[in-house]
Amino acid sequence: MTGNKLRLLREFRNYSQDYVAKKLGITQNTYSRVENNQTRITTERLHQIAQILNVPVGELVSNEELVIQCRNSLPNNQPVALNQEHWKELLENTRQLYKEIISGTTEKIASLESHIQELHEEKNRILELIEKLTARPA
């Protein structure tokens, strides 16, 4: 089993190291050492990790390249196998897409904040006008 497999599977599930560590009842630092192959784990812990990541234990301990089965929008919801290189490319493309979405959202927020400021200024001008029109002569 390699820590790299654990990391890829954890990221595929969109789990943080802290999340997995809490499920295991250990610290994030301890779990990080597992992913970095800096510590050994017990068979019981291995079974717990497999259960959390929803993979067979054999997948974690095999020397074969990690292949992730996922469903996509192909007809009949056919499974697609992703090897490690495909998974890395998919992950990078997904990160880039989210980065673009966040950038676009940030621009929209800035535009809306500017528009809100303009509306506040217009409201204040209208309130001043109402005050002048309804003021009683002295």
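The values are calculated or read from the model by the stated rules, or taken from the named source; none is laboratory data. Source: prediction; values computed, not measured. Please note: Cβ atoms are built from the backbone with ideal geometry, for glycine as well, and neighbour counts cover all protein chains shown. Accessible surface is based on the protein model in full, side chains and every heavy atom, while ligands, DNA and RNA are left aside. Shrake-Rupley method; radii C 1.70, N 1.55, O 1.52, S 1.80 Å.
Quick one: which of 133, 90 is of a type outside the set (Gly, Ala, Ser) and over 26 Å from residue 8 (Cα atoms)? When all the criteria are applied, what remains is 133. Selection over the stretch 21-40 of residues that are within 15 Å of residue 4 (Cα to Cα) and not hydroxyl-bearing (Ser, Thr, Tyr) gives a count of 7.
If you go through the stretch 1-47 and pick out every residue that is in a helix (DSSP H, G or I) and open to solvent by 60 Å² or more (accessible area, probe 1.4 Å), you end up with 12. Has the stretch 77-85 got at least one residue that is within 21 Å of the chain's Cα centre (by Cα), at pLDDT below 85, among the polar types (S, T, N, Q) and surrounded by 10 or more Cβ atoms within 10 Å (Cβ to Cβ)? Yes, the stretch 77-85 contains at least one residue that is within 21 Å of the chain's Cα centre (by Cα), at pLDDT below 85, among the polar types (S, T, N, Q) and surrounded by 10 or more Cβ atoms within 10 Å (Cβ to Cβ).
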